[in-house]
């Protein structure tokens, strides 16, 4: 369950991540990492959903396509051992810039998950992975394991791409 503290304050959790409650019915999760790989390679890995089981410890299986309007089936294994499957829709695809999926019922419980890429140079990319949860039901949702899961995803993608790349940022 959410801790009351998360509903009233912003908490810095580890390098490159924050969890912030901007009101009683909204929680923002924000993580980022710098990857020594060109933005095109990072984009290719993020949008090759079929290969997520090879490297992604959190979104362990994603079925569907990274195309606007597509319905996905996302199997999640949280760091705390809990598992669930969600059925979001792809909301935005901007090649080499952003991939966004989400779903839910506005006002009740809604989540919007973003992968945003920022080129920092020819062989260096900043990945920002974030999610906004909103609605009256978030106070009862188990959201505390999401931010650590996103940090695991970021680190796993960095390892995967930098293992075949001699560049540094």
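The values are calculated or read from the model by the stated rules, or taken from the named source; none is laboratory data. Keep in mind that this is a model prediction, so the values were computed, not measured. Quick reminder, even Gly has a Cβ in these numbers, built from the backbone with ideal geometry, and neighbours come from all protein chains shown.
Any idea which of 64, 81, 104 is on the phi > 0 side of the Ramachandran plot, without any contact (Cβ under 8 Å) to a residue 40 or more places away in the chain, surrounded by 13 or more Cβ atoms within 10 Å (Cβ to Cβ) and out of contact with any helix residue (DSSP H, G or I) (no Cβ under 7 Å at 6 or more places or on another chain)?
That would be 104, the only listed residue that is on the phi > 0 side of the Ramachandran plot, without any contact (Cβ under 8 Å) to a residue 40 or more places away in the chain, surrounded by 13 or more Cβ atoms within 10 Å (Cβ to Cβ) and out of contact with any helix residue (DSSP H, G or I) (no Cβ under 7 Å at 6 or more places or on another chain).
Within region 129-152, how many residues are touching a helix residue (DSSP H, G or I) at 6+ places or on another chain (Cβ under 9 Å) and more than 19 Å from residue 105 (Cβ to Cβ)?
3
Would you pick out the residues in region 61-104 that are more than 24 Å from residue 138 (Cβ to Cβ) and either in a strand (DSSP E or B) or at pLDDT below 95 (or both)?
Selection gives 61, 63, 93, 94.
Would you say residue 117 is in contact with a strand residue (DSSP E or B) (Cβ under 7 Å, 6 or more places away or on another chain), more than 26 Å from residue 23 (Cα to Cα) and buried (at least 17 other Cβ atoms within 10 Å of the Cβ)?
Working: in contact with a strand residue (DSSP E or B) (Cβ under 7 Å, 6 or more places away or on another chain): yes; more than 26 Å from residue 23 (Cα to Cα): yes; buried (at least 17 other Cβ atoms within 10 Å of the Cβ): yes.
When the stated conditions are applied, residue 117 passes them.
When you scan region 152-168, do you find a residue that is under 18 Å from the mean Cα position of the chain (by Cα), part of a strand (DSSP E or B) and over 22 Å from residue 78 (Cβ atoms), even just one?
So far as region 152-168 goes, no, none of its residues is under 18 Å from the mean Cα position of the chain (by Cα), part of a strand (DSSP E or B) and over 22 Å from residue 78 (Cβ atoms).
Looking only at region 120-131, how many residues end up being crowded, with 17+ Cβ neighbours inside 10 Å, at pLDDT 95 or above and either assigned to a helix (DSSP H, G or I) or over 10 Å from the mean Cα position of the chain (by Cα) (or both)?
The qualifying residues number 3.
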